[in-house]
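Each remark here refers to the structure printed beneath this line.
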């Protein structure tokens with residue numbers, strides 16, 4: 001309050017001086033506002049965006065996977081969808097994977113069922129093509145083992161959300177389905193289906 005009073009005295013004294021000299025008594029444009037003006041209240045903190053549900057729904061019919069998402073996140077939430085199978089290289093204990101399907105989309109799009117081709121021959125050809133590419137770079141490898149499972153995964157990533165309700169690095173995201181990693185928040189769901197090649 002003291003700071004506001006000290007600033008206001010200058011235009012106030014100027015106005016009084018003009019009035020005493022017979023000048024215009026109208027206060028200058030930058031004078032102190034009337035005492036009955038209510039100050040603007042401080043902006044309240046951002047309300048959290050709640051996510052308590054983030055579940056993949058899958059079904060297999062022949063060589064097709066039916067996949068959809070059940071969640072309480074808004075329709076415009078950006079998500080990444082991958083369906084893949086893991087494999088291991090000879091002489092290497094690291095787990096790698098090749099995709100059946102991968103896409104960036106929105107929650108609204110994936111509330112409805114999508115059909116994904118999970119034919120064995122298609123995946124084997126994908127892996128074979130990848131091996132050929134790696135061989136051209138002198139990084140060729142032989143496959144030691146292939147997983148019997150197909151994994152579907154959907155993630156609401158840390159960065160890239162267009163809805164400002166998420167905040168930077170999803171800082172406003174809260175709820176039972178939210179996990180925190182490296183100081184940021186994300187939501188993810190996984191589903192594994194046993195289906196040997």
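Below are the figures for this structure:
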{"quantity": "Matching residues in region 77-111 - criterion: being in a loop (DSSP other than H, G, I, E, B) and in contact with a strand residue (DSSP E or B) (Cβ under 6 Å, 6 or more places away or on another chain)", "calculated": "77, 90"}
{"quantity": "Residue list for region 33-57, restricted to those being assigned to a strand (DSSP E or B) and modelled with pLDDT of 95 or more", "calculated": "54, 55, 56, 57"}
{"quantity": "Among the residues listed as 173, 139, 197, the single one being in contact with a helix residue (DSSP H, G or I) (Cβ under 7 Å, 6 or more places away or on another chain) and surrounded by fewer than 16 Cβ atoms within 10 Å (Cβ to Cβ)", "calculated": "197"}
{"quantity": "Residue check, residue 189 on the phi < 0 side of the Ramachandran plot, touching a strand residue (DSSP E or B) at 6+ places or on another chain (Cβ under 8 Å) and surrounded by 14 or more Cβ atoms within 10 Å (Cβ to Cβ)", "calculated": "yes"}
{"quantity": "Test: residue in region 157-174 that is under 30 Å from residue 63 (Cβ atoms) and assigned by TED's automatic domain parsing to the domain that holds residue 83", "calculated": "yes"}
{"quantity": "Within region 122-189, strands (runs of 3 or more DSSP E) holding 3 or more residues that are touching a residue at least 24 places away in the same chain (Cβ under 8 Å)", "calculated": "143-146, 149-156"}
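The values are calculated or read from the model by the stated rules, or taken from the named source; none is laboratory data. Bear in mind the structure is a predicted one, so any value in this text is a computation, not a measurement. A quick note on method: Cβ atoms are made from the backbone with ideal geometry, for glycine too, and the neighbour counts reach across all protein chains shown.
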